[in-house]
Structures are given as C-alpha cells and as structure tokens.
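The values are calculated or read from the model by the stated rules, or taken from the named source; none is laboratory data. Bear in mind the structure is a predicted one, so any value in this text is a computation, not a measurement. For neighbour counting, all protein chains shown are included, and Cβ atoms are generated from backbone atoms with ideal geometry for every residue, glycine included. Quick note on the areas: whole protein, heavy atoms, side chains included, nothing else; ligands and nucleic acids left out. Shrake-Rupley method; radii C 1.70, N 1.55, O 1.52, S 1.80 Å.
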Amino acid sequence: MTQSAPIMVVPGDDAPGHTESADRQPWWLYCTEVLGHLRLPYETVTPADVAAREHARIAVFPAAARLDENEASAVRRWVADGGVAVCVGAGPLTAAFGVSATGEVSDGHVSVTGGNGWVDPPDVPLRVLGGVRLDVPAPDEAASDGTAVLARWSDDGTTAMLARRHGAGFAVVSGVDLWQTIVRIQQGDPVREDGVPAADGSAAVDDGVLKCDDGIVLSYETDRALPPDGWVPRPDGRAGLEPVPVFHRPHADLWRQAFVQVLFEAAARTGVVLPWLYYWPSGVPAVAHLSVDSDRNVSEEAETTLRLFDEAGVRTTWCHVYPGGYEPEVVRAIAERGHEHALHYNAVGDADIATWGWPQMRAQHAWAQAMTGHEEIVSNKNHYTRWEGWDEFYLWCQALGVQIDESRGPSKQGNVGFPFGTAHLSFPMAGVEDNGSRLDVLVLPLHVQDLAWAAHESVRDVILEQALAHHGVAHFLFHPVHVYRRTYVQDACRDVVALARDHGMPWWTAAQLNAWERLRREVSLSVRAAAAGALDVVVNTPRPVQDAAILLALPDDWAGSPGSARTDAGVEVGHAVVDRHGRRMVELTTDLPAGETLITLTAAGTTVPAGAATGGGYR
C-alpha cells in the first residue's frame, strides 16, 4: 500500500499485550466490524503514527486509550492542523481537549440534539449500555468556543456526545460506549435463566424455556410503541388479536448510523472523499427474507405451503426440524422449486437428541444433510429460538460450517419488530475467553413470526419501513401448520410478499444473503486525486461482483455534480447523486471483474479537493 488509508483506528487498552485487561471484554474491537460491513478503508495504527500519516485526516480512538503526555500532545497538534479525532470514552486524550468524565452510566438512554451539524436526531431516545457523563466548559448546543453538544443523557441532561473545535480540526467525543451498546443490543446478554416479562403481559418470556429473547437488553417500557393506527382487520382473521407495543426502531442500527454520520461529516470538513460499498446490488433499496420452520413435519401442510409460494413467486429458506422429516418427494420438491434446505436445530427436549449441546447440534446437522441429500447445509434457525449462554452456539456453527444463523428474534407478540436492534447482517463477537474475536457465522435477525396469527399484521409495515430506512433486510417467518389451517395467514403471506416487491425489495434466501455479504466483504476501495477535476477510485476484489454500487461521501468543497465515469478499460460507469444514511453522495454502479478496477470520475463544474488524495486498505 503506497498511501495511508483515510481513516486510522488506534487500538484500545484491551488490545493484545495489555494483560491486566485480560478479564474485560474488548468491546472496542467491534469498531472494525462496523467499518468492515461498510467496506470503509481504514488502517490500524499506534498513537505515535497518527501525526505521521500524510493523507489520513480522521483518527478513531474506539476506547479511552492510555496515551502518555507526548502522544496526547502530538495528537492535539495533529488536530490543530486540521485532523478530526473521534474518541469513544474519556481519558488523557480527551482531557487534552478539555473533556473529562464525571461519572459512569451502566445503562440508560440518550437524546440526540437537533441541528448539531454532525448527527441527525432519531425520533426516539436511544438505548445505551455503558458509558460516562462528559464534563466540558460551555455546554450549550452551539457554544461560542466551537463546542457542539451532539447528545444528552435523558435522565439529567448532562452531555453524552460532543464535537469541539481545536485549531483547524475537531475532537468528537462519545461518552456512550458505542461498541458495547451495539454488541449487547444485537447479541443480547447471556441467557442462563428466564428473562423478565413485559409488565403489560404482551411478552411473557418467563415460560421456562431458555431462548434468545430472554437476553433482550432493550426496554419493554421505553423502547416499544404501538404500530401506527388505521389498520383494517381481516373479516376472517384471528379473533382477539389486537395490536400491542412492539420494538419499532432498530437501536443498534441507529447507533451505527450515528457513528458513520460522524465519519462522513469529519470527511466533509477535512476535504476527504470517503469510499464505501453499498450493502446490496445497485438499485436495491433493501432486501426481504422469508423463512419456514417445518414444525410437526406434516407433508400435507408443506404441500399447501409450497403451492402458496409458487403462486407468490417467492423462494424461501426451509428449516427442517428433527426428528422425522417430510416424505422424500416433498423434500425433493422443496429444492426443485428453488427453496433452500436449512437446519432447524431442536433443543426443546421432545426427542432423544433434542437437547442443548454440541454433540446434539452436530448430530442434527448430519441428520439434515442425510434427510435432504444436501451436503451444504449453511443456514440454521433454532426451534423456538432456543438459546443458552452467549457465544457457544456460534462456536458450534463455526465448527460445523454453518455460515449464517437466523435464530435471533422474537418468540412473543410483544417483542416482535427489532428486539435485537438491527435489520443488518453482522458477524458476532466472541466472549472474553476468545479475546472478543470475530466469529465466522453471519447473524441474520428475525423480526416476526406468522403474521395474522402470532403477530398483528400492523407490525409488517413497521418492519418494512425500518428495513428500507436503514437499507437492511426484513425477515418474516411462517409455519406451514398455520398456512395450512388458516386462509387469512395465507393472505397475510401473499400481501407481505407483494408489498415488499412494491417497495423494490427482492426476496432472497439465507444462502443468497450469506453469499452476497461474504462476497462484498472481499472488496477493498481507495480514492486518489487524478487529473484536474477528476478522482480515481481503485477497487480490488478476488472474485467478480455483479451490479456493485460504490458510494463516495463528498467533502464540503465539492460543489459540482459528476460529469462522467469510466473504467480504465473505457467502460462507461453509471453514476448519480443519491442520499444514503442522511448524506449526499455520488453512487457509481458497475460490474466488477476479479482483480483491480480503476474508475475515473470527472466532476462537472468543480475541482477535486487536495485532501481527496487518500489511499485505502484493510487490516
């Protein structure tokens, strides 16, 4: 790599070598997962390296690093010269900018301020797991000394996030532990006993069965809302099924977006063009996923469900539960009609090996391979969303080659929606015993089961709306037994399939989602200044990527619009100005061959800022 990446990440105190921190979860490591999902180019550096990187104008300190006086002074000078330091937590470095911590917060909520210029305020206070209250002079929203409060703790109004000008640059400080918050919302807390149910009786998770939603860290009291009014009930629908409060906002995604908006704003203010890879093929606003659980293994129920899917023209992920299985001709028909065979790991204790444990999981995976005749069983969902512990099940999946799991979701009507705060695919974090490493199994969140039977249909629009807003995936589960017995469940299924398509959302299987995410994770990007008024975007990928969409976050002094874009082979590249994550960007759309592709973007009516000469790479 001949040039430095535009973003530097300075490891936290829980990095390897800090043996005194061996018993602490290194939450800060998840910063690199957030950047990796975006394919934002970054480089891991030491504090001493920050000032030495010529083109890197953004430094992320994902944990309160113990910088010595010389290191802190060097970073302070670098910021004064025009850099942006993004700091999570308060310590010696933030003290160099006059920001300190006044007290710890184990859990709570923050409200993002409006008009702060850095982060767009969501319409709800955001859940926080871990952080500190910040003390800084001039705490007004836009103080005369250049301090802007970005967020406040909801309980007492103290500062939770701020941006402070220092010379020609900025220090952005988050008292919120972003990484612990995102990870714990997405993965929940370890499940060792029944969870605490919702006080209104809508989510009775204390049912004696350990499962994913026993570990929910979002609040039933403050993080839910009723779906919008105006829903017309079906005349033949389930009697007594009324709307209840649901987790209507993906809090982890909102925190991820807040962090990304800070990076985009930092780039805009420092004249840097940040490249990243859109989550889906060009023109796809979000994706929908339909899974099927084969509970009961009744072939007649499966045949009715297959006919419904044929009519709707949708391919699904069909999760097979042990013991038994459908008749062989039905199993063959599932694959022949384009559906994916997957495992529905059973640990509810209703059969000989239907209990929680590695030998049982391994045996059931082998059973699914034999029963379906498919060696490649890459997807799983746990029966009844069973769960124990925190990361052990992901370790089992990793050992078996199960590459994507879709267990993490609701089992009760009152915790549907976004109980784990996300519509995005992600790689989970291992526990402290494995040094917080990234586990090689994608997590596909589940959002609702059996519309019109187990959940009121009004949640459908909430899920689709938020998946679209965050460019994620909306996951709907149907059981053949309810499809077979209830025509209104069939109608609900038809309607959600059609509505998602009306929004431009294709229906993908879990195997498709897994293959796409792993493919795009192989792409690396960099940007450098070319001739006057032009940028070179350098893309490297070991495998071809069809319909790739490359986003360029533009600096403030990019006043024009894209004039033309073509590869070094002379192929025209589609380009347009779009809005992504609340920011204006240029989107380049093209098929990427394996190897390196050079795309030259010529701007109309502007010059390329000098700071755009940024390299890129991943560590």
Karplus ³J(HN,Hα) for region 572-586 (6.51 cos²θ - 1.76 cosθ + 1.60, θ = phi - 60°; Hz, whole; x = Gly/Pro) runs 5, 10, x, 8, 7, 8, 9, 10, 9, 6, x, 10, 7, 9, 9
The rounded separation in angstrom of the Cα centers of region 486-545 and region 217-231 is 29
Convert each backbone phi in region 55-72 into a coupling constant with the Karplus relation 6.51 cos²θ - 1.76 cosθ + 1.60 (shift: θ = phi - 60°), then list the ³J(HN,Hα) values in order as whole Hz, x for Gly and Pro. 9, 7, 10, 10, 10, 9, 9, x, 8, 5, 6, 8, 6, 7, 4, 5, 5, 4
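Mind checking the per residue accessible area of region 7-183 for me, 1.4 Å probe, whole number of Å²? Could you put the intermediate results ahead of the total?
Values: 6400 Å² over 177 residues.
Heavy-atom SASA per residue in region 7-183 reads 36 Å².
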Over region 74-221, what is the relative contact order in whole percent, taking alpha-carbon pairs under 8 Å and six or more residues apart? 23
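Looking at the square roots a ≥ b ≥ c of the eigenvalues of the Cα gyration tensor of the chain, which shape do they give, rounded for a/c under 1.5, prolate if a/b is larger than b/c, or oblate? Each step should come with its number before you reach the end.
Details: a/c = 1.81, a/b = 1.48, b/c = 1.22.
Judged from the Cα gyration tensor, the chain comes out prolate (a/c at least 1.5, a/b above b/c).
So between residue 594 and residue 577, what do we pick up on full extension, going 0.36 nm a residue minus the alpha carbon distance?
Values: separation 17, 0.36 × 17 = 6.12 nm, distance 2.64 nm.
So the chain would gain 3.5 nm between residue 594 and residue 577.
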With residue 129 itself left out, Lys, Arg at +1 and Asp, Glu at -1 over residues whose Cβ is under 14 Å from its Cβ give -3
How long are the three semi-axes of the equivalent ellipsoid of region 7-183, in whole Å, if each is the root of 5 times an eigenvalue of the C-alpha gyration tensor, listed from largest down? 23, 20, 16
Farthest toward the dipole's positive end in the chain, which of 85, 273, 326, given Cβ charges of +1 (Lys, Arg) and -1 (Asp, Glu) about the Cα centre? 273
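So what is the 222 nm mean residue ellipticity for the chain from helices alone, if each DSSP H run of at least 4 adds -39500 (n - 2.57) and you divide by all residues, rounding to the nearest 500 deg cm²/dmol? Before the final figure, lay out the partial values.
Values: 13 runs with 146 residues, N = 619.
So the helix-based figure for the chain works out to -7000 deg cm²/dmol.
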Check: region 523-603 dipole with +1 on Lys, Arg Cβ and -1 on Asp, Glu Cβ, in debye: 120
FRET efficiency, 1/(1 + (r/R0)^6) with R0 30 Å, evaluated for residue 519 and residue 337 via beta carbons: 0.75
Roll a 1.4 angstrom probe over the protein heavy atoms and tell me the percent of accessible area of the chain that is carbon or sulfur. 49
Largest to smallest principal axis extent of the C-alpha atoms in region 153-283, angstrom: 64, 39, 30
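Per residue, how much accessible area does region 478-591 have with a 1.4 Å probe, in Å²?
On the way: 4350 Å² over 114 residues.
With the other protein chains kept in place, region 478-591 gives 38 Å² per residue.
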Taking Cα pairs closer than 8 Å and at least 6 residues apart, the relative contact order of the chain in percent is 16
Apply the Karplus parameterisation 6.51 cos²θ - 1.76 cosθ + 1.60, with θ equal to phi minus 60°, to every residue of region 183-192 and state each ³J(HN,Hα) to the nearest whole Hz, in sequence, with x for glycine and proline. 5, 5, 5, 6, 9, x, 8, x, 9, 10
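What fraction of the DSSP beta bridges in the chain is antiparallel, stated in percent and rounded to the nearest 5?
65
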Sorting 171, 190, 202 by the position of each Cα along the dipole of region 160-218 (Lys, Arg +1; Asp, Glu -1; all at Cβ), the one nearest the positive end of that ordering is 171
Report the GluC sites (Glu not before Pro) located in region 40-148 that are in a DSSP loop and have at most 12 other Cβ atoms inside 10 Å of their Cβ, or state none. 54
How much FRET efficiency would the formula 1/(1 + (r/R0)^6) give for residue 543 and residue 375, where r is the Cβ-Cβ distance and R0 is 22 Å, rounded to 0.05? 0.50
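I'd like the FRET efficiency for residue 362 and residue 300, computed as 1/(1 + (r/R0)^6) with the beta carbon distance as r and R0 of 30 Å, rounded to 0.05.
Values: r = 31 Å, r/R0 = 1.04.
Efficiency for this residue pair is about 0.45.
Figure the gain on full extension for residue 168 and residue 207 (residue separation times 0.36 nm, minus the Cα-Cα span) and round it to one decimal in nm.
Numbers: separation 39, 0.36 × 39 = 14.04 nm, distance 5.78 nm.
Contour length minus Cα-Cα distance gives 8.3 nm.
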